[in-house]
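Below is one structure, written out as structure tokens; comments come after it.
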Amino acid sequence: MSAFDDLSLIQLIVERGADAVKALPEGIRKNNEAVAETIENNVRRLIIDETPINPKYFERMSELLDALIAQRKQGAIEYQEYLRKVVELTKRTKNGPGGSAYPAALDTAAKRALYDNLDKNEALAVAVDAAVRAHRQDDWRGNVFKIKKVKNAIKAVIEEFESRRGIMDDAGSVGVAGGEAGTYEGQKATDVVTDQVLELVKNQHEY
């Protein structure tokens with residue numbers, strides 16, 4: 001299916017819905033199993049490519065895809081219903097997070113990514129976004145000193161929030177707090193979260 005390599009099939013599904021199947025090569029189009037696997041492989045590739053932009057969101061998309069594939073293979077869903085659901089999932093994956101699922105203040109993809117990966121802490125997401133925008137410089141990703149400036153800004157926000165109510169879990173992932181502010185373990189957790197948020201920020205197109 002050379003005409004539909006990479007993500008062109010994804011775009012067709014977003015634009016045409018289930019009718020995108022009609023554009024597939026005849027050998028695939030006439031085989032429901034081949035159609036399903038072709039769509040699933042393309043959606044999986046998109047999820048993998050987009051995961052660094054918002055790990056939590058695309059982890060959820062991956063789980064939904066796995067569940068839909070399982071339903072299909074078990075014969076627990078009719079083909080037309082499968083197509084409807086896989087089209088919906090494809091659109092959610094391609095378009096990314098948005099809509100009424102997010103607070104109004106999270107009006108950019110970057111803010112929504114921060115929110116998803118900072119334990120849905122709206123105030124923290126907005127504060128980190130503001131700090132990054134205030135301290136980033138042109139071509140900052142390619143300069144160690146400019147990166148450090150952004151990192152320090154992120155860390156200052158995290159430390160402020162952590163000192164007030166805690167934001168890190170004991171595993172060190174972005175989430176709900178585990179170490180007390182000012183303690184050695186608390187500082188280690190802050191450093192880990194700062195590094196994770198910095199990597200997330202680096203992957204946001206708008207920064």
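The values are calculated or read from the model by the stated rules, or taken from the named source; none is laboratory data. For clarity, every value in this text was computed on a predicted model and none was experimentally measured. In this analysis, Cβ positions are derived from the backbone assuming ideal geometry, glycine residues included, and neighbour counts consider all displayed protein chains. Just the protein is used for accessible areas: all its heavy atoms, side chains included, with ligands, DNA and RNA removed. Shrake-Rupley method; radii C 1.70, N 1.55, O 1.52, S 1.80 Å.
Probing with 1.4 Å while keeping every protein chain in the model, the per residue accessible area of the chain equals 53 Å². With a cut-off of 12 Å between beta carbons, the residues surrounding TYR115 carry a summed charge of -1, where Lys and Arg count +1 and Asp and Glu -1. Compared with the dominant principal axis of the Cα atoms in the chain, helix 55-73 is inclined by about 30°. With all protein chains in place and a 1.4 Å probe, the accessible surface of the chain carries 48 percent carbon and sulfur. Of the whole protein surface, SER100 contributes about 120 Å² of accessible area at a 1.4 Å probe radius. Extending 7 Å from Cα along the Cβ direction at ALA104 and again at ALA156 yields two label points whose distance is 3.0 nm.
Among the listed pairs LYS91/LYS202; LYS30/LYS91; LYS56/LYS91; LYS56/LYS202; LYS111/LYS202, those whose Cα-Cα separation exceeds 20 Å are LYS91/LYS202; LYS30/LYS91. When the Cα atoms of the range 1-158 are aligned to their principal axes, the ranges along those axes come out at 57, 30, 23 Å in descending order. Rounded to the nearest 10 degrees, the inclination of helix 32-50 to the longest alpha-carbon principal axis of the chain is 20 degrees.
Couplings for the range 78-91, taken from phi via the Karplus curve 6.51 cos²θ - 1.76 cosθ + 1.60 with θ = phi - 60°, read 5, 4, 5, 5, 4, 4, 4, 6, 6, 5, 4, 5, 4, 5 Hz in order; Gly and Pro are left as x. In whole angstrom, the range 23-66 maps to an equivalent ellipsoid with semi-axes of 26, 10, 5, each derived as √(5λ) from the alpha carbon gyration tensor and ordered largest first. The 3J(HN,Hα) values that the Karplus relation (6.51, -1.76, 1.60; θ = phi - 60°) gives for the range 189-200 are, in residue order, 5, 4, 5, 5, 5, 4, 5, 5, 5, 4, 4, 4 Hz. Gly and Pro appear as x.
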